[in-house]
Amino acid sequence: MKDTVSKEYQAKRVLDEKFILGEGPFYDNKSGILTWVDIKTGTLHGLEPDGERFWIQTGQYLGAAIPYREGGAYLGVMTTGLYRLERTGIQRVFSLENYFQDFQRANDAKCDGQGRLWFGSMPLFPKDRERGGNLYCFAPDKGCEKKISHTIVANGMAWANDGKTFYFVDSGHRSVYAYEYEENTGEIHNGRILLTLENGTPDGMTIDNEGMLWVAVWGGGMVGRFHPETGKLLERVDVPAAQVSSCCFGGPGKDTLYITSSGEGMNGAEDGCLFACKVDAAGMDNVCYG
């Protein structure tokens, strides 16, 4: 992949801390707060614009957390439900006990342009890998709806800037898919494989204001910028961690790519760290819940 790209960047570590399974970075464009989760410790981590840190501990696996639109709270996707997370405590707002099986946990989550929450389930243990999970969409007025059945590892999501295409990663198939998308209703149709990786596994994903997809490559030590129609790798961000898990755009110019990684089972100096890289592209406002 390295020889085919037109541009390469180098990500730099943001914090000295390491995380077991760092995931789900989210930069709140209004507040300037960057958050991410450590799935295995069930912790929401936050970094204020002035460099101050905060934590919210949940007590169970935390797949992702998205800020509420009104600010000050986060919607956490957890094993037993969707929870409102605040620094003063947590409260369940919707049970997932009728949706998740006992061998599953929550994984990645993202809000679409209407503020609906999309999230996936996946097996807790490798032995259950083929039992898989599903992709869901939650809205307070409609409840929880299954969108894609029989995924293996439901992962990264992004929506085209014109609101007509939904992109989705199933890491179990090492593929990124593109679906026709109806923005008003949230319906998806006619999925196709956009790209499949041979070296590394696609994980979390975001999109820039030119419609290009930035995909974290687990096992590849990189984030790749891919064309949304051809699947061609255009640029890459090299990351000094092997298990790159997700990415999002942030910063005042929306041109800083924040990148999470996992240190589980790894012994590299920066495996499991949080990274950042300024790139020659800019993202859109990250969508809050509600």
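Here, each number is a calculation from the coordinates, and none is a lab measurement. Worth saying up front: this structure is predicted, and the values here are computed from it rather than measured. Glycine also receives a Cβ, built like all others from the backbone with ideal geometry; neighbour counts cover every protein chain displayed.
The residues on offer are 128, 108, and the sole one that is under 25 Å from residue 172 (Cα atoms), in contact (Cβ under 8 Å) with a residue 60 or more places away in the chain and of a type in the set (D, E, K, R) is 108.
Let's see how each residue does on (1) closer than 30 Å to residue 279 by Cβ; (2) crowded, with 21+ Cβ neighbours inside 10 Å; (3) not basic (Lys, Arg):
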| position | (1), (2), (3) |
| --- | --- |
| 118 | yes, yes, yes |
| 134 | no, no, yes |
| 138 | no, yes, yes |
| 158 | yes, yes, yes |
| 170 | yes, yes, yes |
| 177 | yes, no, yes |
| 191 | yes, no, yes |
| 203 | yes, yes, yes |
| 206 | yes, yes, yes |
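Of the listed requirements (1) in contact (Cβ under 8 Å) with a residue 12 or more places away in the chain; (2) out of contact with any strand residue (DSSP E or B) (no Cβ under 7 Å at 6 or more places or on another chain), residue 142 misses just one: (1). For the stretch 161-197, which positions are in contact with an Asp or Glu (Cβ under 9 Å, 6 or more places away or on another chain) and among the aliphatic types (A, V, I, L, M)? Of everything in the stretch 161-197, those that are in contact with an Asp or Glu (Cβ under 9 Å, 6 or more places away or on another chain) and among the aliphatic types (A, V, I, L, M) turn out to be 169, 176, 178, 188, 194.
Screening 44, 85, 75 for residues that are crowded, with 20+ Cβ neighbours inside 10 Å and closer than 18 Å to residue 275 by Cα leaves exactly one candidate, 44.
Scanning the stretch 121-147 for residues that are among the basic types (Lys, Arg) and over 17 Å from residue 78 (Cα atoms) yields 127, 129, 131, 142, 147.
Of the candidates 167, 179, the single residue that is in a strand (DSSP E or B), in contact with a strand residue (DSSP E or B) (Cβ under 9 Å, 6 or more places away or on another chain), more than 17 Å from residue 225 (Cα to Cα) and hydroxyl-bearing (Ser, Thr, Tyr) is 179. Restrict the check to the stretch 91-104 and report whether at least one residue is among the hydrophobic types (A, V, I, L, M, F, W, C) and under 17 Å from the mean Cα position of the chain (by Cα). Within the stretch 91-104, none of the residues are among the hydrophobic types (A, V, I, L, M, F, W, C) and under 17 Å from the mean Cα position of the chain (by Cα).
For the stretch 242-261, a tally of residues being crowded, with 19+ Cβ neighbours inside 10 Å and either of a type in the set (Asp, Glu) or over 29 Å from residue 30 (Cβ atoms) (or both) returns 2. Among 99, 68, which is out of contact with any Gly (no Cβ under 8 Å at 6 or more places or on another chain) and either of a type in the set (Val, Ile, Thr) or surrounded by 15 or more Cβ atoms within 10 Å (Cβ to Cβ) (or both)? Within the list 99, 68, the selection yields 99.
Can you spot a residue in the stretch 17-30 that is farther than 30 Å from residue 200 by Cβ and polar (S, T, N, Q)? No; the residues of the stretch 17-30 include none that is farther than 30 Å from residue 200 by Cβ and polar (S, T, N, Q). Summed over the stretch 103-139, the residues that are within 17 Å of residue 184 (Cβ to Cβ) and outside any strand (DSSP E or B) give a count of 5.
Of everything in the stretch 180-233, what is touching a residue at least 40 places away in the same chain (Cβ under 8 Å) and of a type in the set (Val, Ile, Thr)? Give them in sequence order. 188, 206, 207, 215, 223, listed by residue number. The single residue among 27, 61, 9 that is farther than 18 Å from residue 259 by Cα and buried (at least 16 other Cβ atoms within 10 Å of the Cβ) turns out to be 61.
Does residue 93 meet the test of being surrounded by 14 or more Cβ atoms within 10 Å (Cβ to Cβ), among the β-branched types (Val, Ile, Thr) and under 18 Å from residue 288 (Cα atoms)? Against the criterion (surrounded by 14 or more Cβ atoms within 10 Å (Cβ to Cβ), among the β-branched types (Val, Ile, Thr) and under 18 Å from residue 288 (Cα atoms)), residue 93 does not qualify.
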